[in-house]
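Any read-out appearing in this document is the output of simple, stated calculations on the displayed coordinates, not a laboratory observation. This structure is a prediction, so every number in the text was calculated from the model and none was measured. Here the Cβ positions follow ideal geometry from the backbone for every residue, glycine too, while neighbour counts run over all protein chains shown.
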Amino acid sequence: MDINKPYKTGIEEDKPSSSPKILRFRKSERLVHWALAIPFLVCFGTALVLVFYYNPDPLRPYRVVFSWIHRISGICLIILPMLAIIKCRGDFRIYFYNIRQAWVWTLDDFKWLSLMGLAAVNKKIKLPEQGKFNAAEKLNFMKLMSTYPLYILTGLVIWLTDAAFLSWAVHFFMAVIATPLVTGHLYMAMINPESRKGLHGMISGAVDRQWAKHHYGKWYREHFEDGEPLVINTVTQLQERASCPDTEEEKFRQRVKPSRSTFKNEKETSVPMS
């Protein structure tokens, strides 16, 4: 079988030798994510340097350099997400879908959050299935949406006015609140061996099928078991689909989506597409 071609198969026996990849995040989602994440992390890092290194002794050299890097990254935090959204304006529906996924909580989300720490040290503890985002990611999403306008407003007031103490206090307080969420997110994305596999989803859009099924069971079943029997083995094909407008995505799904009776029959066999 040519691994560069998609093939149609039932879920239960769909275990090809080369680990199949599925689409986790579309190109539009990834652009917005990095347009926010990169300038925010630069702001966060330069803020740490300014507060803990330069505040005790403001006369230390290069303070103005870090101060301007902080300001410029703050400007990028305003402009880059807007440009990313405008560039991918055909994908507005996916943005609203993600917002809804982050703000709607179920009992399983609260259970997941309460068991997360224990599950990290005890593999016998099974976490409840999650949707597109787990509970910790939802908290990050909610924190960003809630504080983003305040970061921008207070940052501009600090920069452009002399009466900035209250704004500085709010700015600093929000950064303190963000610290455990940001460090936790970075740890899970880059260090934790189980969860860092998901970082590929924010780089190429593709993640391992079995990994997604294990960590985001509800989302996986909704999109890949209930009538999405298509597995894509190449990142290029994933990126092509990720850059399609939603209307084209729906047309694509309709072409490959079998009837439920056909889908049930296909669970017993795996037939390559010609």
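Modelled label positions at Arg221 and Arg100, each set 7 Å beyond Cα in the direction of Cβ, lie 1.9 nm from each other. Counted residue by residue at 0.36 nm each, then reduced by the alpha carbon distance between them, the extension gain from Ala164 to Phe52 reaches 38.4 nm. Can you sort Arg30, Arg24, Arg63 from fewest to most other Cβ atoms within 10 Å of each residue's own Cβ? By the 10 Å Cβ count, ascending: Arg63, Arg30, Arg24. With one equal scatterer per alpha carbon and no solvent term, the Debye-computed log10 I(q)/I(0) for the stretch 47-109 at 0.26 1/Å reads -1.04. Working note: Karplus 6.51/-1.76/1.60 with θ = phi - 60° gives the stretch 116-131 the couplings 4, x, 5, 5, 5, 10, 10, 5, 6, 7, 9, 7, x, 5, 10, x Hz, where Gly and Pro are set to x. Of Met190, Met142, the sequence from fewest to most neighbouring Cβ atoms within 10 angstrom is Met190, Met142. At q = 0.16, 0.18 Å⁻¹, work out log10 I(q)/I(0) for the stretch 75-145 with the Debye formula, treating every Cα as an identical point scatterer and leaving solvent out; two decimals please. Ignoring solvent entirely, the Cα scatterers give -0.68, -0.77.
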